[in-house]
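Just so it is clear, none of the values below were taken in a lab; they were calculated from the coordinates. Fair warning: this is a prediction, and the values are worked out from it, not measured in the lab. No Cβ is skipped: glycine too gets one built from the backbone with ideal geometry, and neighbour counts run over all protein chains shown.
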Amino acid sequence: MLAGCGGPLSTLDPAGPAANSIATLWWVLLAGAALLFLLVMVLFGITLLRPQWARKVSPARWIMLGGLALPAIVLTPLVVFALVTGERLLPRPAGNPLRIEAEARQWHWTFTYPAGGGVATEGVLHLPAGRPIDIVVTSLDVIHAFWIPRLAGKIDAIPGHANRLRIEADRPGTYEGLCNEFCGKGHSGMRFDVIVHPAADYDAALAAPDLAGRIAR
Ligand SMILES: [Cu+2]
């Protein structure tokens with residue numbers, strides 16, 4: 001089971017700030033859930049081993065303490081932490097993000113780079129390292145979802161609508177992305193490669209005639 005936590009599509013192996021806060025949130029929620037489970041199991045064990053102690057607490061008290069107070073104490077900080085983390089993932093205008101357009105179609109992805117003079121690629125997304133990027137995601141047919149698990153959360157690709165997702169990669173390398181919304185018989189093959197270039201080489205890479213995935217537009 002633990003082998004599923006690694007690999008190129010693992011959210012537990014983050015390679016960017018957004019994916020990093022999502023992974024942290026996951027660990028904090030896991031710890032919170034484990035703590036609550038442990039507390040309940042300890043109380044359960046006590047009622048089994050020391051029934052005379054458990055009988056001293058009235059049924060109404062058990063419900064108030066175990067059913068309301070205990071979950072409230074554990075869940076309230078988790079909810080606050082989750083809300084604050086979610087708020088930080090929103091694509092704020094600050095940070096001068098680069099804009100890349102992503103178009104989903106059964107069953108592949110096309111990316112257009114306004115900064116590269118409208119260069120387009122299919123099946124390969126090129127990003128600069130260490131810079132916030134807004135991916136503007138839409139679809140030409142059915143609903144798909146854009147997701148690069150090691151870099152950020154996912155966002156729906158909806159026909160006739162543009163959704164914006166803020167992503168950033170910490171360092172150059174290759175990553176993998178996929179469609180995360182069942183969209184027909186070719187869905188499982190609707191993957192794409194992500195190539196993160198050093199920021200200084202990015203413009204030259206986009207202009208190169210042998211850019212991976214380049215298509216004529
Ligand atoms: Cu799909």
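A few notes on this one:
- Gaussian network model of the chain, Cα within-10 Å springs - most flexible of A69, A162, A104: A69
- For V137, V57, order by how many other beta-carbon atoms lie within 10 Å, fewest first: V57, V137
- Full-extension gain in nm, A199 to M64, via 0.36 nm per residue minus C-alpha separation: 42.9 nm
- Each label was represented as a point 7 Å from its Cα along the Cα-to-Cβ direction; for E176 and V74 these points are 3.5 nm apart.
- In order through region 189-201: 3J(HN,Hα) via Karplus (6.51 cos²θ - 1.76 cosθ + 1.60), integer Hz, x for Gly, Pro: x, 8, 9, 8, 8, 10, 10, 9, 9, x, 3, 5, 9
- Considering only Cα atoms, the convex hull volume of region 40-97 works out to 80 Å³ per residue.
- The chain, relative contact order in percent, only Cα pairs under 8 angstrom and at least six apart counted: 23 percent
- The H on the amide N of M190, modeled in the peptide plane, is under 5 Å from the matching H of C179, each at least 5 residues off or on a different chain.
- Residues whose amide H comes within less than 5 Å of that of A152, counting only those at least five positions distant or on another chain, are A19 (H built at 1.01 Å from N in the peptide plane).
- Base-10 log of normalised Debye intensity for region 2-88 (one unit scatterer per alpha-carbon) at q = 0.15, 0.24, 0.25, 0.26 Å⁻¹: -0.71, -1.15, -1.20, -1.24
- Percent of Cα-Cα distances greater than 21 Å, calculated over the chain: 62 percent
- Diagonalising the gyration tensor over the Cα atoms of region 98-215 and scaling each eigenvalue by 5 before taking the square root yields semi-axes of 22, 14, 13 Å, largest first.
- As a rough footprinting exposure proxy, the listed residues F111, F44 were ranked by other beta carbons within 10 Å of their own, and the order from fewest upward is F44, F111.
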